[in-house]
Amino acid sequence: MVKKVAILTNGGDAPGLNAVIRAIVKTAETNGVECYGYIEGYKGLLTNNYVKLESKGNASGLLHRGGTIIGTSNNTNVFNLKVEENGQTVYKDMSEKCIENIKEAGFDCIFTLGGDGTQKSARDFSLRGVNVIGVPKTIDNDVADTDITFGYNTAVSVATEALDRLHTTAESHHRIMVLEVMGRYAGWIALESAIAGGADACLIPEIPYDINKVVEKINQRRKDGKDFSIVVVSEGAKPIDGEIVVKKKLDDGKGLDNIRLGGIGEKVASDLEELTGLTSRNTVLGYVQRGGTPTSYDRVLSSKYGVKAMKLAMEGVFNVLVNYHEGKMGYVSLEDVVGNNKEIGTASSNIRTVKMDDDLIKTAKSLGISLGE
Ligand code: F6P
């Protein structure tokens, strides 16, 4: 019987986090369970910083609110935490301290709302006897064994609106407009927004691109009387003969969260300008994809995720990730999601990328969107 549970939100924020918190709190209260929230993700777990969450108090009015009311932290790997000791940088396993804090507070289950890095730590806590339930959060939609993560639909909507706006200015100026979107090593946001926004080309990490193929597409459009083009570029896209563009490396770039991607849009725009002779401009959409109010789809999905997570806790199903698969809420073991000791950030990392037989790929090709191949 669970009596006291805690939520933490970790990693980059995503629209819908507050809606998940609200759904967990409401379901907990209905069932006589007390709900708490750790402040700033795993950091709060380490410093034992948590607050009580109540639907009639601090957890009210949350459905439409972006961000997370309990805060989040990036790069807080409590199993390998970077600390300064005697003027030296050392890495320490602080997980025992976190486990003591959980025991002392008397939490029967910790809900970990986050992407792959967060769930890897959740899995590691589960191996040390903590009851955890993961909820897949990320605008990138790249969590394994889950058809859709919350926050993704909002990011696609924001990118689509940006494309609509770029269309009119591209047409007026006879320009190539490049839009660089987020997504890390998965092209979901790029591909769906390219289809929704009527783009002419879409470059994703899963298909290293040949710029000449994009040039062919643009030149064909010119022959057909269209002297402007729209190109969506995923931040993780790379040329067939080149590398991904890294904006910044933290901690020597170890781990997915320590590599900040960005800059490929600028390269694509300048290459296209040179090769086509058309004026090109690049727009980096950035953090507006993550901020602000969730779409109605994400509010509903987040609510489903939150309710299911709390129900699983009440059923005593732990060490799983709540998932959404083939139209149904369910769960998978955290072990399956993060894989056996798959180090985050390596090629073997278990993130969900776009497969070549995905309907989105087939749809994009049939619509004549160049994928740069
Ligand atoms: O994972 C979500 C995401 O927004 C990615 O799309 C992007 O690459 C990354 O986070 C940016 O991370 P940060 O918040 O560390 O700048």
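The values are calculated or read from the model by the stated rules, or taken from the named source; none is laboratory data. It should be emphasised that the depicted structure is a prediction, and the values quoted were computed from it without experimental measurement. Methodologically, a virtual Cβ is constructed for each residue, glycine included, from the backbone with ideal geometry; neighbour enumeration extends over all protein chains shown. We work out accessible area using only protein heavy atoms, side chains counted, and drop any ligands, DNA or RNA first. Shrake-Rupley method; radii C 1.70, N 1.55, O 1.52, S 1.80 Å.
Picking from residues in segment 65-86 that are at pLDDT below 90 and within 16 Å of the ligand (Cβ to nearest atom), the one that is most open to solvent (accessible area, probe 1.4 Å) is 82. Of all the listed residues (317, 288, 284), the sole one being of a type in the set (A, V, I, L, M), within 16 Å of the ligand (Cβ to nearest atom) and touching a strand residue (DSSP E or B) at 6+ places or on another chain (Cβ under 7 Å) is 284. Considering only residues in segment 1-18 that are surrounded by fewer than 24 Cβ atoms within 10 Å (Cβ to Cβ) and of a type in the set (A, V, I, L, M, F, W, C), the one that is nearest to the ligand (Cβ to nearest atom) turns out to be 2.
Could you tell me whether any residue of segment 213-233 is among the polar types (S, T, N, Q), open to solvent by less than 20 Å² (accessible area, probe 1.4 Å) and either at pLDDT below 95 or within 13 Å of the ligand (Cβ to nearest atom) (or both)? Checked segment 213-233: no residue is among the polar types (S, T, N, Q), open to solvent by less than 20 Å² (accessible area, probe 1.4 Å) and either at pLDDT below 95 or within 13 Å of the ligand (Cβ to nearest atom) (or both).
One line per residue, one yes/no per condition, for (1) among the small types (Gly, Ala, Ser); (2) surrounded by 15 or more Cβ atoms within 10 Å (Cβ to Cβ); (3) under 19 Å from the mean Cα position of the chain (by Cα); (4) in a strand (DSSP E or B):
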residue	(1), (2), (3), (4)
273	no, yes, no, no
282	no, yes, no, yes
293	no, yes, yes, no
297	no, yes, yes, no
303	yes, yes, yes, no
313	yes, yes, no, no
318	no, yes, no, no
322	no, yes, yes, yes
337	no, yes, yes, no
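Residues of segment 149-190 that are assigned to a helix (DSSP H, G or I), farther than 19 Å from residue 15 by Cβ and of a type in the set (A, V, I, L, M): 166, 170.
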